[in-house]
Structures are given as C-alpha cells and as structure tokens.
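So the structure is just underneath, and the comments pick up after that.
The values are calculated or read from the model by the stated rules, or taken from the named source; none is laboratory data. Since the model is a prediction, treat every value here as computed from it, not as a measurement. Heads up, the Cβs are rebuilt from the backbone with ideal geometry, glycines too, and the neighbour counts pull from every protein chain shown. Please note that ligands, DNA and RNA were not included when accessible areas were found on the heavy atoms of the full protein model with its side chains. Shrake-Rupley method; radii C 1.70, N 1.55, O 1.52, S 1.80 Å.
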Amino acid sequence: MNLFTDFENRIKNALETIDLVKEKRSEVDFDRLTVEPPRDQSHGDVATNAAMVLAKPLGTSPRALADVIAGALKSDPDITEVSVAGPGFINIRLSKGYWQRLLSAMLQQGTGYGRSQVGAGRKANVEYVSANPTGPMHVGHCRGAVVGDALANLMGFAGYEVTKEYYINDAGSQIDVLARSVFLRYREALGEDVGAIPSGLYPGDYLVPVGQALAEEYGTRLHNMPDEDWMPIVKEKAIDAMMAMIREDLEALNVHHDVFFSERTLHVNGAQRIRTAINDLTFKGHVYRGTLPPPKGQLPEDWEDREQTLFRSTEVGDDIDRPLIKSDGSYTYFAADVAYFKDKYDRGYDEMIYVLGADHGGYVKRLEALARAVSEGKVKLTVLLCQLVKLYRNGEPVKMSKRSGDFITLREVVDEVGSDSVRFMMLYRKSSEPLDFDFAKVTEQSKDNPVFYVQYAHARCMSVFRQAREAFPDMDTDSLDLAGAASLIEDPAELQLVGKLAEFPRIIEAAALAQEPHRLAFYIYDLASFFHAHWNKGKEQPELRFINDKNRELSVARLGLVRAVASVLQSGLAITGTAAPEEMR
RNA sequence: GGUCCCAUAGCUCAGCAGGAUAGAGCGCAGGAUUCCUAAUCCUGAGGCCGAUGGUUCGAAUCCAUCUGGGAUCACCA
C-alpha cells in the first residue's frame with residue numbers, strides 16, 4: 001500500500017467527477033499531476049499540483065480550479081481537511097484512521113513492505129566491478145562495487161529480475177604481462193635470483209605464492225619449455241589465483257555476483273563468438289572497411305592512416321566510428337565487448353546497466369551505440385559513472401601507484417574500517433559526485449559515520465522488544481497481533497513517524513527508476529533521525545514511551561510501530577548491504 | 001581542442017522527473033541523562049544556490065553561453 005499512489009488515484013477519480021473536466025476530458029491528461037509529501041509539514045500530509053497543471057488546458061485559473069477539486073475531495077472519509085494554498089496547491093490532511101490502517105497494512109506485509117512492481121519483472125543485468133584479474137582489488141574499485149551491488153539489490157526490491165554480473169578481462173596483453181610476472185616468481189621459487197622485478201611487469205608480492213604453487217606442481221619443467229608452451233599453463237594458473245583472490249575481496253565487502261563472465265570464452269575456437277557478433281553487426285549494416293580521421297588535438301607520433309574494419313557507430317549516436325579489427329588482423333577490446341553485449345542480449349535482458357569508474361567516461365557513447373545497433377533500440381542501456389574516490393589519511397592525500405605495487409587494497413580498507421562503514425560511506429553520496437574518503441574520519445571518529453546512526457536506531461528498536469519482555473514476562477513478542485492493535489496509535493508524534501514510513505515505497509520506486517541508490521541511504525538515515533527524535537520525546541513526556549507497564553494494550557500497539565520502523569530499517573540496510581544489529585554496545 | 005561529471009551554509013554534501021519560507025551532518029554558541037543504550041535529542045547563529053541570458057504562472061532544478069574544478073581522448077585493456 002503506497003499512500004501517494006493511493007491518493008493519486010483518489011484525486012484522479014475526484015477529477016473525473018468535475019463537470020469542467022468531463023467537458024474537456026479529451027484535451028487534458030493527468031501525466032504531469034504529482035502527489036507528494038509537502039515540503040513543510042504544517043501544510044498537511046499530502047499535496048498535489050493538480051490545479052496548477054490542469055488550469056491552463058481547462059481555461060481557468062489555478063486557484064479557482066483548486067477550490068473545485070478541493071470540494072470534490074471533501075467527501076472522502078479519510079480526508080479531514082483540504083486547503084488551497086500558494087499558487088494553487090491542494091493540501092490534504094488525513095484522518096487518524098487512515099494512518100492507523102496504513103500502519104496495520106505495513107505490519108501485515110512485514111519485511112515485504114516497500115517492495116514494488118515498478119520493475120514489472122523486466123530482466124535487468126547489472127555489470128559491476130569487472131576488475132582486471134591481474135592483482136588484488138584496490139580501493140578504487142570499492143565505489144563501483146558497492147554502488148553496483150546496492151543498485152542491483154534495490155532494483156530487485158523494486159520488481160526487476162536482476163542478474164549481478166562480473167566481466168572478467170582475462171584476455172589481452174595485460175594477461176600476458178601477468179603471466180610473465182608470475183613466471184618470474186616461479187623461477188624465483190625454484191631458487192633463481194631474479195633480482196628486482198623489471199619495470200613493465202607486476203611487482204606485487206601477491207604473485208609469489210602463485211609462482212611457488214607452479215614450482216611445486218611442475219618443478220623445473222616449465223622452465224625448459226618455449227614461451228608458447230608455458231604461457232597458457234601459467235596464464236590459466238595466474239588467472240585462477242587472481243580471481244580467487246578477488247572473490248575473497250568481494251566477499252569481505254559483502255558483494256556477491258551471480259555470473260562471472262570470462263572474456264576468454266569469446267576468443268576460443270578462433271574467436272568464433274566475436275566473429276559471429278561482428279557478422280551479426282555486418283548483417284545489420286553497421287560494419288565497413290575504411291579509415292578513421294586522425295585523432296584531434298595532439299597527433300600521436302606513430303599515427304598512420306590505415307584501412308580497418310570499423311563499426312559505423314556514428315550512425316547510432318557515437319562521435320566517431322570504432323575499430324573492430326586491428327590492422328594486424330586481431331580483434332580490438334571493443335570487438336569482444338560487441339560479442340559480450342550480444343551474449344547478454346541473447347540471454348534476454350531488457351535493461352543493461354554498466355557501473356564504471358569516471359575514467360571510463362569516454363567509453364559510454366560507444367556502448368550506447370552498440371546497444372542501439374545490436375538490439376535495434378530494444379534494450380535500455382545505461383552507464384552509471386562513479387566519480388573517483390580520493391583517499392585521505394590524517395587529512396593528507398594518499399598517493400598510489402599501481403606500477404610500483406604501492407597501492408592500498410580494498411581488503412586493507414575493509415579490514416581497517418569494516419565493510420558496513422565502507423559500504424555506507426560509498427552510498428552516502430550521489431555517485432556522480434567525487435568522494436573524499438578519510439580513514440581517520442571513518443575509523444577514529446566512527447560516531448560520525450552515518451551507518452552507525454542508522455544501525456543504532458535499529459538496535460534501539462530491538463531493545464524496546466527486550467524491554468517489553470521484561471515489563472510483561474508472560475508476553476510472547478513474536479506472536480502478537482501488532483497489525484490488529486494499530487488503532488491505538490494516535491499521538492501526533494507517532495502518526496508523524498507513520499508518515500515517514502509511508503514514504504518508503506515511494507523512495508524505493510523513485511530511487512530504482514533513477515538508478516540512484518544513494519537516495520535510499522539518505523532515506524533510512526532520515527527515518528532513523530525521526531525515530532531517535534521520537535525516542536527522546538519519551539524523556540520529557542513519559543506517556544509517549546513505547547512501553548507502559550500499566551497499559552498492556554497500548555504497549556502492544558506501540559510495539560507495532562517499533563516493529564514497522566525496524567522492518568523498514570532492515571529492508572533498507574539489507575539493500576545497502578549492511579547489517580541490522582540487534583544491539584550495539 | 002572534443003566529450004562527460006561537478007559548482008548550494010565556514011567544511012562535507014542532500015534537494016525527490018520545475019512548485020510554497022532552500023535542508024542535513026560536521027564545526028561554532030547554549031541546553032537535555034533519578035526516565036526504554038547520551039553511538040541519542042533540543043535550541044541558536046550561519047545562504048545573491050558559480051555568472052549572464054532564455055523557456056514557464058513559477059527555476060537551485062530545464063535550455064544556451066561563460067567562468068572555475070575533475071575525468072577522458074589510442075589499432076591500449
């Protein structure tokens with residue numbers, strides 16, 4: 001039950017009864033009509049812009065129309081007051097009974113409250129992380145990992161059928177470099193003094209155990225093989241080891257993918273799947289052989305004008321056509337992406353979401369072009385660009401260089417500050433906004449971290465139930481008819497809390513449609529704030545406290561309110577991927 | 001030079017597919033604990049929403065231009 005869609009329907013029904021609307025029914029549409037919580041609570045519980053939106057097509061003034069609409073709404077028994085304000089807003093105040101029934105309905109739905117069908121079962125694929133399997137995940141991967149994971153959770157809650165996917169870039173030259181780096185560690189493990197790791201290879205210690213494992217398994221046999229023979233063996237081993245490490249890192253951050261898709265599988269059998277995908281594009285008329293204009297701005301020194309196989313992406317919205325096959329006959333990275341996209345398309349997704357770092361901004365247009373060309377406009381592809389995270393320690397920026405192996409890993413951050421803190425920090429900001437992540441702030445002053453604030457609210461809810469069992473030793477708090485007791489909730493402060501809970505479904509839908517999980521993080525913070533405020537009112541006004549050992553009925557009703565708050569907090573925290581603790585001491 | 005993101009309180013940021021008097025946290029000043037965990041709450045000070053035009057009954061929000069920050073530009077992956 002969604003208060004706002006409920007009243008949207010009621011307002012539209014009321015409009016249909018108005019003569020002026022009936023007369024010009026074909027000329028007006030209700031699309032721009034909104035029903036929302038007023039900015040200022042003193043205005044009422046629900047506000048609509050109906051009169052302002054419809055006045056013009058109906059040839060009347062907003063205030064006059066508002067009065068008529070207000071009159072039509074007055075007969076609704078759940079509405080206690082309708083007023084017209086400002087330029088023509090209609091403010092509606094709801095009856096106690098309505099709030100009580102709303103609370104009752106929330107409790108009946110339990111943890112299902114807030115679930116939505118706006119996704120309408122559409123199949124969505126959210127691809128995120130997709131870190132190269134050449135080393136442990138570093139802190140830069142954090143944000144995309146968390147945002148992607150939370151977005152997928154959110155969309156699932158909003159009625160999409162979601163697949164969480166990881167694209168393993170296990171083909172290409174960086175894997176050759178990885179293999180050579182591991183091979184060096186292998187020789188080292190055999191006792192050879194390899195000296196310093198040459199530049200151009202990955203110097204990290206994390207490759208040492210991989211080399212040792214190879215030494216144990218193969219002894220000196222690899223050493224005596226020509227490159228082309230040991231290469232595939234070492235690659236295989238290295239990729240498996242790196243992916244195992246990455247999966248552990250993801251696990252530590254509470255990120256779980258459904259599908260790990262290997263780029264290599266596109267290249268097997270003479271790159272059969274890439275060829276098929278390019279053929280498909282060719283068949284649809286998007287491929288030609290030709291040359292590209294030289295890059296604008298600084299001309300690279302080794303620029304040569306060569307004929308290549310190109311994707312005519314400019315016809316589907318791109319700035320420049322994109323090469324599919326290099327002049328040496330091998331496929332570009334993008335060619336593999338074409339095949340990968342086609343694979344997803346063939347798996348039947350209606351929506352594809354790529355969560356990428358801001359440094360991949362230049363890739364967006366060609367992906368969109370690709371989606372248009374392959375799916376002929378049927379697939380909705382969106383790229384969520386996460387701006388970069390700047391890391392600070394004690395106020396000083398932390399410098400990182402992957403080349404020197406001197407970087408902070410995701411694991412280090414999670415181990416130091418905890419997965420909940422990291423996740424909430426990453427979500428407590430619009431993803432298109434750069435983010436400063438200060439270790440000192442998140443660890444030493446952990447009270448400042450908003451996740452604790454929300455979790456504390458949940459722990460307090462649980463504490464109320466513990467208190468109830470103490471006050472009423474014979475009470476079985478698990479089997480109470482909380483929904484049935486909601487009619488005793490009538491204090492304005494309590495109803496206000498119900499009003500906040502009523503916003504939850506609306507937030508879920510808006511956040512899912514806008515693909516902005518941060519909105520949910522802000523909402524549960526806000527809800528926690530309402531709850532803390534109400535809790536503290538019990539100090540000044542003991543009659544407002546949840547547990548009243550002289551009034552069992554009222555206590556049960558208020559337990560219902562607490563249950564509803566806890567339930568929404570749980571749902572919200574679950575979507576952000578953070579814990580809802582029973583207590584925090 | 002092209003493209004993308006950003007500019008809102010001293011600092012860090014929200015602002016819901018244009019709406020009423022622009023919000024929160026931190027910091028600052030003051031207050032609340034014989035009472036369900038004070039990891040909480042309450043009160044106050046603090047703003048020309050980067051600039052200029054435009055669309056509209058109405059703009060922090062949409063459009064254009066400009067300024068100032070960040071990212072990116074390839075037969076790389």
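Some notes on this structure:
- For chain A, the solvent-accessible area works out to 46 Å² per residue, with a probe of 1.4 Å and every protein chain left in place.
- Residue-span extension gain [residue A:248 to residue A:326] - 0.36 nm each, minus C-alpha spacing: 24.5 nm
- Label-to-label distance for residue A:108 and residue A:60 is 3.6 nm, based on points extended 7 Å past Cα in the beta-carbon direction.
- Packing rank of A:432-439, A:466-473, A:1-8, where each peptide gets the mean count of other beta carbons within 10 Å, highest leading: A:1-8, A:432-439, A:466-473
- Highest to lowest packing among A:330-341, A:347-358, scored as the average C-beta count within 10 Å: A:330-341, A:347-358
- Extension gain, residue A:93 back to residue A:472 (0.36 nm per residue minus Cα-Cα distance, nm): 132.8 nm
- Relative contact order (%) - chain A, alpha-carbon pairs under 8 angstrom, separation at least six: 16
- Of the peptides A:228-241, A:92-105, A:135-148, the order by per-residue mean of other Cβ atoms within 10 Å, starting with the highest, comes out as A:135-148, A:92-105, A:228-241.
- Here the label points at residue A:23 and residue A:543, each 7 Å from Cα along the C-beta direction, are separated by 5.3 nm in the simple model.
- Links that overshoot a 18 Å alpha carbon limit, given the list A:399/A:430; A:326/A:378; A:342/A:380; A:342/A:378; A:284/A:378; A:344/A:378: A:399/A:430; A:326/A:378
- Within chain A, antiparallel bridges make up roughly 50 percent of the DSSP beta bridges whose residues both belong there.
- A helix-only calculation puts chain A at -15500 deg cm²/dmol for mean residue ellipticity at 222 nm, using -39500 (n - 2.57) for each DSSP H run of at least four residues, averaged over all residues.
- Note on residue A:390/residue A:256: beta-carbon distance plugged into 1/(1 + (r/R0)^6) with R0 of 30 Å gives a FRET efficiency of 0.65.
- Segment residue A:376..residue A:333, full-extension length gain: 13.3 nm, with 0.36 nm per residue of separation and the alpha-carbon distance subtracted.
- Between the listed residues A:225, A:239, A:279, the Cα displaced farthest toward the positive end of the dipole of chain A, a dipole computed from Cβ unit charges relative to the Cα centre, is found at A:279.
- For residue A:12, the lysines whose Cα falls under 18 Å of its own Cα, not counting residues fewer than eight places away in the same chain, are A:22, A:24, A:56, A:74.
- Calculated FRET efficiency, residue A:264 to residue A:448, Cβ-Cβ distance, R0 = 35 Å: about 0.20 to the nearest 0.05.
- Two-site label geometry, residue A:101 and residue A:123: point separation in nm, points 7 Å out along Cα→Cβ: 4.1
- Relative contact order %, segment A:3-94, counting alpha carbon pairs below 8 Å whose residues are six or more apart: 27
- Computed FRET value (nearest 0.05) for residue A:227 with residue A:514, which takes r as the C-beta separation and R₀ as 56 Å: 0.65
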